[in-house]
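**Q** Below: one structure in structure tokens.
The values are calculated or read from the model by the stated rules, or taken from the named source; none is laboratory data. Fair warning: this is a prediction, and the values are worked out from it, not measured in the lab. Positions of Cβ are generated from backbone atoms using ideal geometry, with glycine treated the same way; all protein chains shown enter the neighbour counts.
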Amino acid sequence: MTAKILIIPGDGIGPEIISQAANILDELESSCGLNISCEWGELGGEAYDRTGSPLPESTLKMAKECDAVLFGAAGGSQWDSLPRHLRPETALLRLRRELDLFANLRPAILFPCLATSSTLKDEVVAGLDMMIVRELTGGIYFGEPRGVETLDSGKRRGINTLVYHEDEIARITHVAFEIARKRANRVCSVDKANVLETTELWRQVVSDVAESHYPDVELTHMLVDNAAMQLVREPKQFDVIVTTNMFGDILSDISAMLTGSIGMLPSASLDSSQKGLYEPVHGTAPDIAGQDKANPLAAILSLAMLLRYTLNEGELAMKVEQAVERVIEKGMRTPDIYFTEAQLVGTRQMGQEVRDELRLLLAWSGWKFIW
Ligand code: NAD
């Protein structure tokens, strides 16, 4: 069966990094006959400027019909003053919601040769390998009522609502435990159960699911403030973290810095049938857009996740990850991960180097690297 992939570059550095990931897809098609068909769509500020909508209906339709979406990033200050429903960020939230992508997977792995790029000491981060599983379609980012209202007193009041149904908690818990079973068999559930009733329910449901379905997996609970501290104190204690939408948003950015650069971090957002949206963790980086400075590796590693989680091509995913690691080992560095003895390369050259390594690896079998 031919897998349908929708490619959406987005704004800022999005087109630069996604074209490098698309080149890797080309290589997989030409070197090993990967059976895919690719369509291109638009989402974000540029899409709004061109069509009047940050999420054109044609993009939404293609996204619903495809097996996976490979996305760059959306947003920029020129669109910040638009009404909220027309902003690029809202379009992305809507796409995730429409596709029911409730599980966001963010691996944080430190390639050994990048240990010096982290702001933390080598011994704290070297060998780091953890996965944050973030609930993505519920919680305070979507809860109603929401908004800013003016009271009779003339003072304004802002409202957002933190709400979770037990089914939403249970399904993300299953995702986290299934992943843990393929890793080190440990899940840490992060909440704020000492203050927020919603996360008291979160803790109960996670515990119930763990007890009835995953007695073989170790479960611990941690309050989010402590989790933030532990992530910078002793990050290697974690295997899989499962948490709410907002806590996951914040904790995964902390984990981004553990690995040296946000330009290295991929992510996957999945529904219950392996359909997924794959995108780098970073945004549109307007400060470096159009300068051939962006690191394309997060986008390429997001493609590797697409191969693994939607196409079930684990071997090919490993080859892509291995190609990335070999290029890094050879000392190739975009500016975000550069150090003095390294070879400074731009976005295009970095992408080309990975493609060349991949071609070699596909020609002969190398060692395996597993998320
Ligand atoms: P950002 O991630 O775009 O940039 C933060 C810093 O990281 C910048 O210094 C940038 O140069 C650097 N950086 C990011 N990606 C990089 C890469 N691949 N290579 C090298 N350096 C990289 O975050 P921001 O500046 O807070 O946001 C900029 C815009 O992106 C905003 O409009 C924001 O709303 C949007 N955004 C979009 C997404 C998304 O589409 N998923 C996510 C986050 C932010």
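Residue-by-condition table, conditions (1) modelled with pLDDT under 95; (2) of a type in the set (D, E, K, R):
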residue: Phe102; (1), (2): no, no
residue: Pro107; (1), (2): yes, no
residue: Ala126; (1), (2): yes, no
residue: Ile132; (1), (2): no, no
residue: Ile140; (1), (2): no, no
residue: Val148; (1), (2): no, no
residue: Lys155; (1), (2): no, yes
residue: Val163; (1), (2): no, no
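**Q** Hey, another quick one. Can you confirm whether region 283-297 contains a residue that is away from the ligand (no atom under 16 Å from the Cβ), at pLDDT 95 or above and over 16 Å from Ala21 (Cα atoms)?
**A** At the first step, the residues of region 283-297 found to be away from the ligand (no atom under 16 Å from the Cβ) are none.
Checked against the condition, which is being away from the ligand (no atom under 16 Å from the Cβ), at pLDDT 95 or above and over 16 Å from Ala21 (Cα atoms), region 283-297 yields no hits at all.
**Q** Those residues that are in a helix (DSSP H, G or I) and either touching a Cys at 6+ places or on another chain (Cβ under 7 Å) or of a type in the set (Lys, Arg) (or both), I need them from region 219-235; list them, please. Walk me through it before giving the result.
**A** Start the filter on region 219-235 by keeping residues that are in a helix (DSSP H, G or I), which leaves 224-233, 235.
The one that is in a helix (DSSP H, G or I) and either touching a Cys at 6+ places or on another chain (Cβ under 7 Å) or of a type in the set (Lys, Arg) (or both): Arg233.
**Q** Now for a separate question. Inspect all residues belonging to region 314-325 and state whether any of them is more than 11 Å from the ligand (Cβ to nearest atom), at positive phi and surrounded by fewer than 17 Cβ atoms within 10 Å (Cβ to Cβ). I'd like the intermediate steps shown before the answer.
**A** Taking region 314-325 first, the residues more than 11 Å from the ligand (Cβ to nearest atom) are 314-325.
Narrowing the set further to residues that are at positive phi leaves none.
Checking region 314-325: not a single residue is more than 11 Å from the ligand (Cβ to nearest atom), at positive phi and surrounded by fewer than 17 Cβ atoms within 10 Å (Cβ to Cβ).
**Q** What are the residues in region 236-280 that are surrounded by fewer than 23 Cβ atoms within 10 Å (Cβ to Cβ), in a loop (DSSP other than H, G, I, E, B), on the phi < 0 side of the Ramachandran plot and within 12 Å of the ligand (Cβ to nearest atom), if any?
**A** Of everything in region 236-280, just one residue is surrounded by fewer than 23 Cβ atoms within 10 Å (Cβ to Cβ), in a loop (DSSP other than H, G, I, E, B), on the phi < 0 side of the Ramachandran plot and within 12 Å of the ligand (Cβ to nearest atom), namely Ser261.
**Q** On to the next question. How many residues does region 95-124 hold that are free of Cβ contacts under 8 Å to residues at least 60 places away in the same chain and out of contact with any helix residue (DSSP H, G or I) (no Cβ under 8 Å at 6 or more places or on another chain)?
**A** Number satisfying all stated conditions: 4.
**Q** Further, regarding this structure: Of all the helices (runs of 4 or more DSSP H) wholly in region 1-118, which have at least 2 residues that are within 11 Å of the ligand (Cβ to nearest atom) and buried (at least 22 other Cβ atoms within 10 Å of the Cβ)? Write out each step before concluding.
**A** Values: elements: 14-32, 45-51, 57-65, 88-98.
By residue number, 14-32, 88-98.
**Q** When region 326-340 is examined, which residues are found to be buried (at least 20 other Cβ atoms within 10 Å of the Cβ) and out of contact with any Asp or Glu (no Cβ under 6 Å at 6 or more places or on another chain)?
**A** Across region 326-340, the qualifying residues are Ile328, Arg333, Thr334, Ile337.
**Q** Which residues, counting only those in region 20-35, are at pLDDT 95 or above and touching a strand residue (DSSP E or B) at 6+ places or on another chain (Cβ under 7 Å)?
**A** Answer for region 20-35, where residues must be at pLDDT 95 or above and touching a strand residue (DSSP E or B) at 6+ places or on another chain (Cβ under 7 Å): Ala21, Ala22, Leu25.
**Q** Next up: What about Ala68, is it in contact with a strand residue (DSSP E or B) (Cβ under 8 Å, 6 or more places away or on another chain), in contact (Cβ under 8 Å) with a residue 12 or more places away in the chain and among the hydrophobic types (A, V, I, L, M, F, W, C)? Don't jump to the end; show me each part of the working.
**A** Numbers: in contact with a strand residue (DSSP E or B) (Cβ under 8 Å, 6 or more places away or on another chain): yes; in contact (Cβ under 8 Å) with a residue 12 or more places away in the chain: yes; among the hydrophobic types (A, V, I, L, M, F, W, C): yes.
Yes, satisfied.
**Q** Next up: Which is among the basic types (Lys, Arg), free of Cβ contacts under 8 Å to residues at least 24 places away in the same chain and assigned to a strand (DSSP E or B), of Arg203, Arg134, Arg146? Can you show your working first?
**A** Details: Arg203 fails: assigned to a strand (DSSP E or B); Arg134 fails: free of Cβ contacts under 8 Å to residues at least 24 places away in the same chain.
After applying the criteria, what remains is Arg146.
**Q** Anything in region 305-324 that is assigned to a helix (DSSP H, G or I) and closer than 17 Å to Ser269 by Cβ? List them, or say none.
**A** Met305, Leu306, Leu307, Arg308, Tyr309, Ala317
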